[in-house]
1. Which condition from (1) of a type outside the set (Ser, Thr, Tyr); (2) modelled with pLDDT under 95; (3) surrounded by 18 or more Cβ atoms within 10 Å (Cβ to Cβ); (4) not in a strand (DSSP E or B) is the one that B:Arg68 breaks?
2. Quick one: which of A:Arg41, A:Arg53 is more than 14 Å from the chain's Cα centre (by Cα), at positive phi and charged (D, E, K, R)?
3. For region B:85-114, what are the residues that are within 12 Å of chain A (Cβ to nearest Cβ) and in a loop (DSSP other than H, G, I, E, B)?
4. In region B:28-58, what residues are within 14 Å of chain A (Cβ to nearest Cβ) and not in a strand (DSSP E or B)?
5. With of a type in the set (Gly, Ala, Ser) and at pLDDT 95 or above as the only criterion, which of B:Ser94, B:Ser49, B:Ser87 stands out?
6. Give region B:71-80 a look and list any residue that's over 18 Å from B:Phe105 (Cα atoms) and either within 14 Å of chain A (Cβ to nearest Cβ) or at pLDDT 95 or above (or both), or say none.
Amino acid sequence: AQRVTQPEKLLSVFKGAPVELKCNYSYSGSPELFWYVQYSRQRLQLLLRHISRESIKGFTADLNKGETSFHLKKPFAQEEDSAMYYCALSGGTGFQKLVFGTGTRLLVSP
Amino acid sequence: NAGVTQTPKFQVLKTGQSMTLQCAQDMNHEYMSWYRQDPGMGLRLIHYSVGAGITDQGEVPNGYNVSRSTTEDFPLRLLSAAPSQTSVYFCASSLTGWGTGELFFGEGSRLTVL
């Protein structure tokens, strides 16, 4: 069965500090992995997906199949990064198999 | 271009009442879905549709009905509301259901069942 684990409910850092939001997954096949973000009073939106190998708003995420992880990283956090972040996994068979983690709230203080 | 529009944004129901959460998208997306978001549970899929006339159950379908008579609309019906259905509901759509594109979400509907 597919499973996504985000071990931290809350991650609190100071502005300018590095950020790493952890995501571990369980899936026997080749996963499609995503990070979604929900800023205060805004819609949930796609931040990045591993297949695109993009860097969005300074965030990157590398798929590590050996450790079954897809951690989200940013070298220097900004206050506007404060939001709820969800890691999600699709088994490649469609969005009907998209499984979300429980989310991590990132709080960046000045 | 409104994207995905959900109504109402807030609703309070009494146990046993029925209601419909509306969802409409203007992007000509084939795939539409409903999620519920509960504290500590992440988002869980309720029902989804891969096109007009086609719907299927997700992870937590009990107590909910859906239909997809048009490409644009995907209403979620609560037949007899229960306190366990107190949640925030999100509608989402994508061009296709293949899972490689982007899911576009509505703003959410907060439902309280007393």
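1. The one condition B:Arg68 does not meet is (2).
2. Numbers: A:Arg53 fails: more than 14 Å from the chain's Cα centre (by Cα).
The match here is A:Arg41.
3. Listed by number, the residues that qualify are B:Leu95, B:Thr96, B:Gly97, B:Trp98, B:Gly99, B:Thr100, B:Gly101, B:Glu102, B:Leu103, B:Gly106, B:Glu107, B:Gly108.
4. Taking region B:28-58 and keeping what is within 14 Å of chain A (Cβ to nearest Cβ), we get B:29-51, B:54-58.
Within region B:28-58, B:His29, B:Glu30, B:Pro39, B:Gly40, B:Met41, B:Gly58 meet the criteria.
5. On the way: B:Ser94 fails: at pLDDT 95 or above; B:Ser49 fails: at pLDDT 95 or above.
Just one listed residue meets the conditions, B:Ser87.
6. Going residue by residue through region B:71-80, those that are over 18 Å from B:Phe105 (Cα atoms) are B:77-80.
Passing the criteria: B:Arg77, B:Leu78, B:Ser80.
Residue-wise test of (1) within 14 Å of chain B (Cβ to nearest Cβ); (2) surrounded by 13 or more Cβ atoms within 10 Å (Cβ to Cβ); (3) basic (Lys, Arg); (4) not in a loop (DSSP other than H, G, I, E, B).
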residue	(1), (2), (3), (4)
A:Ala1	yes, no, no, no
A:Val13	no, yes, no, yes
A:Phe34	yes, yes, no, yes
A:Arg43	yes, yes, yes, no
A:Leu48	yes, yes, no, yes
A:Gly66	no, no, no, no
A:Glu80	no, no, no, yes
A:Met84	yes, yes, no, yes
A:Cys87	yes, yes, no, yes
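The values are calculated or read from the model by the stated rules, or taken from the named source; none is laboratory data. What you are looking at is a predicted structure, and each value in this text was computed from that prediction instead of being measured. Counting neighbours? That spans all protein chains shown, and the Cβs are built from the backbone with ideal geometry, glycine included.
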